[in-house]
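Have a look at the structure below, then the notes.
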Amino acid sequence: MADISSNFLGIKSPNPFWLASAPPTDKKINVLRAYEAGWGGVVWKTLGSQVKNVSSRYSSVDYHGSRVMGFNNIELISDRPLEINLKEITEVVKLFPDRAMIVSLMADSTREAWHELIKKCEDAGAMGFELNFGCPHGMTERGLGAAVGQDPEIAKMVVEWVMEKATIPVITKLTPNVHSVVPTGKACVEAGTNALSLINTIQSVTGVDLDTLVPNPYVAGKSVFGGYCGPAVKPIALKFLTTIAQNATTKKVPISGIGGISTWRDAVEFMLLGSSTVQVCTAAMKHGFRIVEDMCEGLNNWMDEKGFKTLNDFIGKSVSNITHWEDLDINYHHVANINQDKCIHCGLCYITCEDTSHQAINLDKGNPYNTYTIKEQDCVGCNLCKLVCPVDNCITMVEKRVAPEYINWKMWQEKGLPLNDH
Amino acid sequence: MIKNNRLTTEQYEHNFSDIKPPFETQDAALVEANRCLFCYDAPCTKACPTSIDVPKFIKQITTYNVKGSAHTIFQSNIMGAGCSKVCPVEKLCEGACVYNLMEEPPIPIAKLQRYSTEKAINNNWQYFERKKSNGKKVAVIGAGPAGLSCAHILTREGVDVTIYEKENKGGGLMTYGIAAYKVTPQFCEDEVNYILGIGGIEVKYNQELGKNISLEELQKNYDAIYIAFGVGLANKLNIPGEELEGVEDAITFIYNLRSKTYKEISVGDKVAVIGMGMTAIDAATQAKRLGAKEVTMVYRRTEAEKSCTQHELDIARLDGCATIWLAAPKEIVGENGKVKALICDVMQLAEPDAKGKPLPVPTGQTLTLNVDMIIKATGQNPYSNIISAYAIDNTKGKINIQQSATNVSKVFAGGDCVNGGKEVVDAVQAGKDGAASILSFLQIKN
């Protein structure tokens, strides 16, 4: 059995699955339930100046019958008095000392405010901090949240204030509402942050009600931009994560990955691209805390199968497999193959290739079942047919190199080789 | 003993309630609609005689465009609502669904079709507008699926249509010849009214060709005539005892069941149903549901040759109907003029006949079933007398057509009277084909 315990800058947890700073980590009752269910740690919902929330707060995007593919919220940081939060943190840590207790912070924009909040939280028993530089709504108008994360200079200044005071590990959470997370990430690392986490939510409008004509979520006839998360944002999170895991400065600190993680498989992908721990919110908000059971077991089974004994054996292993386009091997070529025994004759591969790609699939009319075959000479190996095929492994891509040697775009140009020879 | 009023009102209601209940909620329909893969050149569409664009109408349910969904169905099949209840979909659209090839249950296409079309009929969403009258007049004989389908297309193109119907209600076999647990009389009436809702179609009820009207008269008064009067005469067994009290044909049995109340319909204690087609199943299951103690279906071939679908046979079996294979009626024994027993030849299968079905031949042994009622469901014959009387070219009473036109001037035909008796959906397509030929004959561009 693999060891799935995690040690993040000395903060230990029995598994790498933390609950992200969000409604599920706002109260003692929730956090105790999470720990009882088996979560490795929590990032307590952001503490700062007390705020007032509105109703409603969430909206979502459904896709083809599946609910909450994307999730959006306009909730602010914790709206409970600081003293209650601190008291509950102390109680929870006492009951579950083996779990990670990170506290998310968003103090007002003065050194004194940050120092005071840090002191109170450390006294309450926090094991680490996560600086909320990412909240995209409500707090930005006050010069907080994403307003800090979007400006490397301001972020750097705040991190410096925090590092003057904090005696426990500090994670800085980055906003994705920028063209690149690297400048802020670099600034924070240079200012001394011990770790980075990403991504926070992405500004969004999930939809418009076609009866009331008011966008979601609805608040007395109006709406505002919210923060988008859930499975839909995972690919974006993985991209931002990779840029942090590859940058010479930011890769020096450990990363806690966030963004649409719903299963152990998602978690492993984040870890392969450089996350030491992962944080989950939307999936728990959709299904409850019980999802952690399969996350632990699935991760364990996968590690056993692959021969990984500890998390560190595979964290970051895929980072170097994302390269620059101009380094890709142009001589690599593969073509689709349709397994006629598995084909159910739905025609989806055909119509998608015919209408939107390279007209590389033959249609032989039948009644009622047509036969579809690949025109290998016309197939560019784009994967589209394989992606839309509803049957697993019915369409496979078969490697047919153009030539044995590696050649990339730069080399191709230097040699003056011809274009469009496929 | 043959008697009526065997059950309580509640029992009748229960026994004849909708055998395939509809989706009760939008959510339930969406779960199934979202399973649809949206196939290209879809096998389900190809398996539908009227070529309904099934993937499109199902996709429209998933986008909450139920109005558009029903439009898609009605564009191909104006009786799409009725067909969703009576089509043997297991051998048509649902039988062709690609999920069958994945060993997964097919999309419940009929149920989804019912979901959309029932909403359309209940809300009277009329999609088709009749063009201004062009002065052309067409007479349609028979307000069944073929006749209504033909009339609907003709009126859309501005033709003034008159339908002559021998019964006092429209719908044809849908109204008079299908098991009551599949379609209710009220539904049939609503569907006919919905179709007629476009306007331009006048239905003259209780008008029978050869009785109240003549073909010559119609030829004189109309620009074209479409014959769609179906088939109707039950095949005779031609065995001793066929005239005894208690011998009934399935068509009459079901006709009575559909046009009277359940309480009024008499059945025996022990009923034998002869035949193994869809009508035989409908007769057997309904005899059971009317309170017959024992129902036995008798067929001269084996289960492998049955002409009903497996799904239908399963319904009969679940209703507790017994089956006897390889038994051909030889004689009906009576007592005091009433049925007492059915004697059958025990058969065996010989070489296939001209149609490819193995020919049953007697083994010399017999078996006797003690029954007090016999329902004959061994097929229907065309109205050959009237067809011959008007010198309409035919094969064994089935009208011969070329692109829906008969050999008689201005006279077209389609549906059961041409094919000898197929599904409702085949008749709807025949009506479409007939309308296209008539429009072309009348030189009306559509």
Out of segment A:76-118, which residues are touching a strand residue (DSSP E or B) at 6+ places or on another chain (Cβ under 7 Å), of a type in the set (V, I, T) and assigned to a loop (DSSP other than H, G, I, E, B)? A:I77
Need the failing condition index for A:K87 against (1) surrounded by fewer than 21 Cβ atoms within 10 Å (Cβ to Cβ); (2) basic (K, R); (3) in contact with an Asp or Glu (Cβ under 9 Å, 6 or more places away or on another chain), just the number. (3)
Wholly inside segment B:366-446, strands (runs of 3 or more DSSP E) that include 1 or more residues that are surrounded by fewer than 24 Cβ atoms within 10 Å (Cβ to Cβ) and more than 15 Å from the chain's Cα centre (by Cα) are B:411-413
Segments classed as strands (runs of 3 or more DSSP E), wholly inside segment A:358-411, with at least 2 members that are farther than 27 Å from B:L92 by Cα: A:395-399
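Results for (1) assigned to a helix (DSSP H, G or I); (2) assigned by TED's automatic domain parsing to the domain that holds B:F57; (3) polar (S, T, N, Q), shown as yes or no for each residue.
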site	(1), (2), (3)
B:A81	yes, yes, no
B:S84	yes, yes, yes
B:L101	yes, yes, no
B:I107	no, yes, no
B:R114	yes, yes, no
B:F128	no, no, no
Residue check, A:E354 closer than 22 Å to A:N420 by Cβ, surrounded by fewer than 17 Cβ atoms within 10 Å (Cβ to Cβ) and within 11 Å of chain B (Cβ to nearest Cβ): yes
Out of segment A:246-263, which residues are surrounded by 24 or more Cβ atoms within 10 Å (Cβ to Cβ) and either at negative phi or outside the structural domain of A:A284 (by TED's automatic domain parsing) (or both)? A:T250, A:I255, A:S256, A:G257, A:I258, A:I261
Would you point out the residue of segment B:219-240, among those that are small (G, A, S) and at pLDDT 95 or above, that is farthest from the chain's Cα centre (by Cα)? B:A224
Of all residues being of a type in the set (A, V, I, L, M, F, W, C) and part of a strand (DSSP E or B) in segment A:119-139, which is farthest from the chain's Cα centre (by Cα)? Just the residue, please. A:F129
Give just the number: which of (1) under 22 Å from the mean Cα position of the chain (by Cα); (2) within 21 Å of A:L105 (Cβ to Cβ); (3) at pLDDT below 95 does A:S66 not satisfy? (2)
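Would you mind stating whether B:D27 is within 11 Å of another protein chain (Cβ to nearest Cβ), over 20 Å from B:L101 (Cα atoms) and either of a type in the set (D, E, K, R) or touching a Lys or Arg at 6+ places or on another chain (Cβ under 6 Å) (or both)?
Yes, satisfied.
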When segment B:247-274 is checked residue by residue, the ones that are within 22 Å of the chain's Cα centre (by Cα) and outside any helix (DSSP H, G or I) are B:E248, B:D249, B:K260, B:T261, B:I265, B:V273, B:I274
When you look at A:E293, is it surrounded by fewer than 17 Cβ atoms within 10 Å (Cβ to Cβ) and either in contact with a Phe, Trp or Tyr (Cβ under 9 Å, 6 or more places away or on another chain) or closer than 30 Å to A:K400 by Cα (or both), yes or no? no
Unique residue being within 14 Å of chain B (Cβ to nearest Cβ) and either of a type in the set (F, W, Y) or assigned to a helix (DSSP H, G or I) (or both) when the list is A:C349, A:C343, A:C296: A:C349
Options A:T249, A:T263: the member that is of a type in the set (S, T, Y) and more than 21 Å from A:T201 (Cβ to Cβ): A:T249
Can you tell me which residue is nearest to A:Y369 (Cα to Cα) among those in segment B:36-52 that are facing chain A (nearest Cβ under 8 Å) and touching a residue at least 60 places away in the same chain (Cβ under 8 Å)? B:C44
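The values are calculated or read from the model by the stated rules, or taken from the named source; none is laboratory data. These figures come from a predicted structure and were not determined experimentally. Here the Cβ is made from the backbone with ideal geometry for all residues, glycine too, and neighbour counts use every protein chain on show.
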